[in-house]
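Working notes for the structure below.
The values are calculated or read from the model by the stated rules, or taken from the named source; none is laboratory data. Since we're looking at a predicted model, the values are computed, not measured. Counting neighbours? That spans all protein chains shown, and the Cβs are built from the backbone with ideal geometry, glycine included.
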Amino acid sequence: MSDWTLGLLLVLTAVTATAVVLTRNPGRQAMVLSAYGLMLAMTMVALSAPDVALSQIGVGTAAVPLIVVLAIARCERHTQREAPRGTHRPEDDARDGDRGRSAPDDGGRGR
Amino acid sequence: MRARLTVLLAGAAMLVLAVVGVRALIHLPGAGDVAHPYGARAVAAAFHHATANAVMSVTLDQRGFDTLGEEFVLLAAAVGTVLLLRELTAEREEEAAHTYGPEDVFEAVRLAGYVLLPVTLLVGGYVVVHGHLTPGGGFQGGTVLATGLYLAYLAADYRALDRLRPPGVFDAAEGLGAFAYVAVGVGGLLAGSGFLADWLPWGQLGKPLSAGTVPLLNIAIGIEVGSAFVLVVAKFLEQALTVPEQAAEEG
């Protein structure tokens, strides 16, 4: 592995790492984090550490962004569900059956 | 005021870290073919026990006890996550009537999921059982196996995934994997050499059955890590999907 390749990979790692910090939307950040993880893994391969690179890809590029995206999905739906509650009482919704614009009648099960 | 103090403290800490770090780094042996006192001994010990992958020899043979600690850190983390996210199980069962699936996924992505699911599982299994020969091992293979399983969700839907991944089985497998690691270690005690000693026949370097206990420990870790990841992602997926249909449609 030539120094030139290693240098390029290090620069790419630094650039993607900066991109992770500068991405403010958490959903997009998870994707950028994944790309950064891949760059980091390639750098590890270049430094003859393929074992660590495999762990890095498994955890940093696949599992962590997946968990982050799932958590964001949960939070977004949760806030969307919570929002109309301030204006509609759940029992009102249950009575007039207006499901199109109001909160579903989950009876406060969600938290 | 507080923000300035934070910046000041962080700056001071970073400065100390930079000075100490650079001082430590300039005295490191160079990368590549330079003889390294620890590396030379570790590689010799790995060859002595017929372990072709010297890294695996260090993590599972020479320093097997450290890895035991790491394995239980992961076990504790996974159990903690599953425990914290357990609350909405009742809700999930009520919502189970709805089919939640990635309905807006491109057909090409589905096809890729179908094609890659068996390939990924095969690669994961290969990485686990060849840990003592080639780069990889139980941890790496376990994560590949676990994340590969979730391609079923991408390719089909939640029900298909649920059938492929009965949580009870993985609950049991996670504990069993952790137990198996300790059991192999105790085997060393019974064989008279010591806890986590490489007490099985070492065999011939580079052969599938070589390196003594290392392949067994790799399989134990593969089962434990794979199950832990499956369970943790399952809990997160459950949380993401167990929202009444209406809210999901609005999203």
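Could you say whether any residue in the range B:147-159 is within 14 Å of another protein chain (Cβ to nearest Cβ) and either under 20 Å from A:D51 (Cβ atoms) or among the polar types (S, T, N, Q) (or both)? Yes.
Listed by first and then second residue, the pairs with beta-carbon distance under 7 Å, at least 6 apart or on different chains, first residue in the range A:47-66 and within 8 Å of another protein chain (Cβ to nearest Cβ), second outside any helix (DSSP H, G or I), are A:L47/B:A31; A:P50/B:P135; A:D51/B:P135; A:D51/B:G136; A:D51/B:G137; A:L54/B:P135; A:L54/B:G136. Looking only at the range B:120-141, count every residue that is more than 24 Å from B:A50 (Cβ to Cβ) and either within 12 Å of chain A (Cβ to nearest Cβ) or hydroxyl-bearing (S, T, Y) (or both) and tell me the total. Adding up the residues that qualify gives 3. Any residue in the range B:238-250 that is more than 24 Å from the chain's Cα centre (by Cα), more than 14 Å from every other protein chain (Cβ to nearest Cβ) and modelled with pLDDT under 80? Within the range B:238-250 (the criterion being more than 24 Å from the chain's Cα centre (by Cα), more than 14 Å from every other protein chain (Cβ to nearest Cβ) and modelled with pLDDT under 80), the answer is no, since none of the residues qualifies. Counting only helices (runs of 4 or more DSSP H) that fall entirely inside the range A:2-59 and contain at least 2 residues that are touching a Ser or Thr at 6+ places or on another chain (Cβ under 6 Å) and not hydrophobic (A, V, I, L, M, F, W, C), the qualifying elements are A:26-46. Go through (1) at pLDDT 80 or above; (2) under 26 Å from B:D66 (Cβ atoms) one by one and return the number of the condition B:G168 breaks. The one condition B:G168 does not meet is (2). So, A:L54, is that one aliphatic (A, V, I, L, M), in contact with a helix residue (DSSP H, G or I) (Cβ under 8 Å, 6 or more places away or on another chain), surrounded by 19 or more Cβ atoms within 10 Å (Cβ to Cβ) and modelled with pLDDT of 90 or more or not? Answer is no for this residue. Listed by first and then second residue, the pairs with beta-carbon distance under 7 Å, at least 6 apart or on different chains, first residue in the range B:192-218 and touching a residue at least 24 places away in the same chain (Cβ under 8 Å), second among the hydroxyl-bearing types (S, T, Y) and in a loop (DSSP other than H, G, I, E, B), are B:D198/B:T213; B:W202/B:S210; B:G203/B:S210; B:Q204/B:S210; B:A211/B:T51; B:V214/B:T51. With respect to B:Y153, is the statement that it is under 14 Å from A:A62 (Cβ atoms) and of a type in the set (F, W, Y) true? Yes.
Applying a threshold of 6 Å to beta carbon distances and a minimum spacing of six or more residues, or different chains, the list of pairs starting in the range B:161-186 at a residue that is surrounded by 14 or more Cβ atoms within 10 Å (Cβ to Cβ) and ending at one that is of a type in the set (F, W, Y) and assigned to a helix (DSSP H, G or I) reads B:L161/B:Y153.
Every listed requirement among (1) over 17 Å from B:G148 (Cβ atoms); (2) surrounded by fewer than 16 Cβ atoms within 10 Å (Cβ to Cβ) is met by A:V64 save one, (1). Does B:V214 satisfy the condition of being among the hydrophobic types (A, V, I, L, M, F, W, C) and more than 22 Å from A:P65 (Cβ to Cβ)? Here the answer is yes, as B:V214 does meet what is asked.
For B:P118, are the conditions met, namely being surrounded by fewer than 19 Cβ atoms within 10 Å (Cβ to Cβ) and at pLDDT 85 or above? It is true that B:P118 is surrounded by fewer than 19 Cβ atoms within 10 Å (Cβ to Cβ) and at pLDDT 85 or above.
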